[in-house]
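The values are calculated or read from the model by the stated rules, or taken from the named source; none is laboratory data. Computed from a prediction, not measured in an experiment: that's the story for all the values here. So basically every Cβ, Gly included, is an ideal-geometry build from the backbone, and we count neighbours across all protein chains shown.
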């Protein structure tokens, strides 16, 4: 089991630690609902240093990024970030990721912790253009400072004007006394904030100064359990639950990051899917009444026939309702359709709704 550079701090803070993607990670400190609310209303900090970072460099760097990702990275100016996915050759998804355009001919790919080796091998297998690849995953740490008070709470730590960084843009600058830190206006919570990339031997200083600066704003450490409820309220996909090697980006509602202005892995087959439609779609639903949907629960119609499966589900801390997402067969996928979630021995009614669940 790997540790992050901050594991000893999480343990000292009394975090409940769990194995996650091969790492010893904090799942919660005070409790999911309290931590969730801290991010929605104030500011909280996640240690997400288990994520993977690959640097793709050289004259053919963009060609490799374009080949392996579904979004159009040629649109990225320097200091732009882009959400994307890597399709496989059989209609599924190798991983979802963020692509950062760092310098001319230099791209940083940030991938899911559980997929670091798989992603690296996949990209390397596609690298027929000999772009230079460097795996920085073991050298870098990542903090997600999230919430509506993040800008105000963190401004004293940097000469970069945080309020001027638009969503999905980043700056490289000083932060918490460290030079050349990536300050990225990204995150997976839907409540604003930043992601901070620095070296492992710098992150403890950054963590301490972040909590010092954020003290008057009620800053708190946040675990992975609240990260999951926050992302689900926004309808953001979680790899391994909502998307995987068997789900296509078209089925998963990721057509918006699947650009057919270029050729990429399996693009012809995915273009055909987009034009002709697919037989199931990832859709959001709310429970009508009581009940908490969970990953793996069956979705049935009024006759009890299976029409899908829940991929993510929880009791929404913000809405106090059971919410979830799942793959649902046509024609039950349309907005307003009543479906039923099989919770233990009962078929609990639910309704297909539009994302996000949480509107702020």
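Okay, residues lined up against (1) crowded, with 21+ Cβ neighbours inside 10 Å; (2) touching a residue at least 12 places away in the same chain (Cβ under 8 Å); (3) within 19 Å of the chain's Cα centre (by Cα):
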{"residue": "264", "(1), (2), (3)": "yes, yes, no"}
{"residue": "287", "(1), (2), (3)": "yes, yes, no"}
{"residue": "293", "(1), (2), (3)": "yes, yes, no"}
{"residue": "300", "(1), (2), (3)": "no, yes, no"}
{"residue": "315", "(1), (2), (3)": "no, yes, no"}
{"residue": "323", "(1), (2), (3)": "yes, yes, yes"}
{"residue": "328", "(1), (2), (3)": "yes, yes, no"}
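Summed over segment 89-107, the residues that are under 21 Å from the mean Cα position of the chain (by Cα) and without any contact (Cβ under 8 Å) to a residue 60 or more places away in the chain give a count of 4.
Can you give me the number of residues within segment 300-324 that are over 19 Å from residue 244 (Cα atoms) and either outside any strand (DSSP E or B) or out of contact with any helix residue (DSSP H, G or I) (no Cβ under 7 Å at 6 or more places or on another chain) (or both)?
Kept after step one, since they are over 19 Å from residue 244 (Cα atoms), are these residues of segment 300-324: 300-307, 314-323.
With either outside any strand (DSSP E or B) or out of contact with any helix residue (DSSP H, G or I) (no Cβ under 7 Å at 6 or more places or on another chain) (or both) added as a condition, the list becomes 300-307, 315-322.
Number satisfying all stated conditions: 16.
Checked against (1) under 22 Å from the mean Cα position of the chain (by Cα); (2) outside any helix (DSSP H, G or I), residue 151 meets all criteria but (2). Of the residues making up segment 274-285, one or more are under 24 Å from residue 346 (Cα atoms) and over 22 Å from the mean Cα position of the chain (by Cα).
State yes or no: is residue 327 in a strand (DSSP E or B) and modelled with pLDDT of 95 or more? Outline the logic, then answer.
On the way: in a strand (DSSP E or B): yes; modelled with pLDDT of 95 or more: yes.
It is true that residue 327 is in a strand (DSSP E or B) and modelled with pLDDT of 95 or more.
Can you say whether residue 187 is under 23 Å from residue 54 (Cβ atoms), in the same structural domain as residue 43 (by TED's automatic domain parsing), in contact with a strand residue (DSSP E or B) (Cβ under 6 Å, 6 or more places away or on another chain) and buried (at least 21 other Cβ atoms within 10 Å of the Cβ), as far as the supplied structure shows? Spell out the reasoning first.
Values: under 23 Å from residue 54 (Cβ atoms): yes; in the same structural domain as residue 43 (by TED's automatic domain parsing): yes; in contact with a strand residue (DSSP E or B) (Cβ under 6 Å, 6 or more places away or on another chain): yes; buried (at least 21 other Cβ atoms within 10 Å of the Cβ): yes.
For residue 187, the condition - under 23 Å from residue 54 (Cβ atoms), in the same structural domain as residue 43 (by TED's automatic domain parsing), in contact with a strand residue (DSSP E or B) (Cβ under 6 Å, 6 or more places away or on another chain) and buried (at least 21 other Cβ atoms within 10 Å of the Cβ) - is met.
Confirm whether residue 52 is more than 30 Å from residue 270 (Cα to Cα), within 19 Å of the chain's Cα centre (by Cα) and either surrounded by fewer than 19 Cβ atoms within 10 Å (Cβ to Cβ) or modelled with pLDDT of 95 or more (or both). No; evaluated as a whole, the condition is false for this residue. Going through (1) in the same structural domain as residue 37 (by TED's automatic domain parsing); (2) touching a helix residue (DSSP H, G or I) at 6+ places or on another chain (Cβ under 6 Å); (3) surrounded by 17 or more Cβ atoms within 10 Å (Cβ to Cβ) one by one, residue 196 falls short only on (2).
Quick check on segment 218-252: of everything there that is in a loop (DSSP other than H, G, I, E, B) and free of Cβ contacts under 8 Å to residues at least 60 places away in the same chain, which residue is farthest from residue 143 (Cα to Cα)?
Filtering segment 218-252 for residues in a loop (DSSP other than H, G, I, E, B) gives 218-219, 222-223, 235-238, 240-242, 244-252.
Those still in the list that are free of Cβ contacts under 8 Å to residues at least 60 places away in the same chain too: 236, 250.
Working: 236: 19, 250: 31 Å.
Among those that are in a loop (DSSP other than H, G, I, E, B) and free of Cβ contacts under 8 Å to residues at least 60 places away in the same chain, it is 250.
Taking segment 21-62 as the range and being touching a helix residue (DSSP H, G or I) at 6+ places or on another chain (Cβ under 8 Å) and at positive phi as the test, the residues that pass are 21, 22.
The set of residues in segment 95-131 that are under 20 Å from residue 199 (Cβ atoms) and in a strand (DSSP E or B) comprises 98, 100, 102, 103, 106, 107, 108, 109, 110, 111.
With the structure loaded, tell me whether residue 174 is part of a strand (DSSP E or B) and more than 20 Å from the chain's Cα centre (by Cα) or whether it fails that test.
Working: part of a strand (DSSP E or B): yes; more than 20 Å from the chain's Cα centre (by Cα): yes.
It is true that residue 174 is part of a strand (DSSP E or B) and more than 20 Å from the chain's Cα centre (by Cα).
Look at residue 86 and say whether it is in the same structural domain as residue 180 (by TED's automatic domain parsing), in contact (Cβ under 8 Å) with a residue 40 or more places away in the chain, under 23 Å from residue 244 (Cα atoms) and buried (at least 22 other Cβ atoms within 10 Å of the Cβ). Against the criterion (in the same structural domain as residue 180 (by TED's automatic domain parsing), in contact (Cβ under 8 Å) with a residue 40 or more places away in the chain, under 23 Å from residue 244 (Cα atoms) and buried (at least 22 other Cβ atoms within 10 Å of the Cβ)), residue 86 does not qualify.
Candidates are the residues of segment 260-286 that are part of a loop (DSSP other than H, G, I, E, B) and in contact with a strand residue (DSSP E or B) (Cβ under 9 Å, 6 or more places away or on another chain); the one that is nearest to residue 322 (Cα to Cα) is 279. Looking at the structure I just gave you, is residue 37 part of a helix (DSSP H, G or I) and touching a residue at least 12 places away in the same chain (Cβ under 8 Å)? Criteria met by residue 37.
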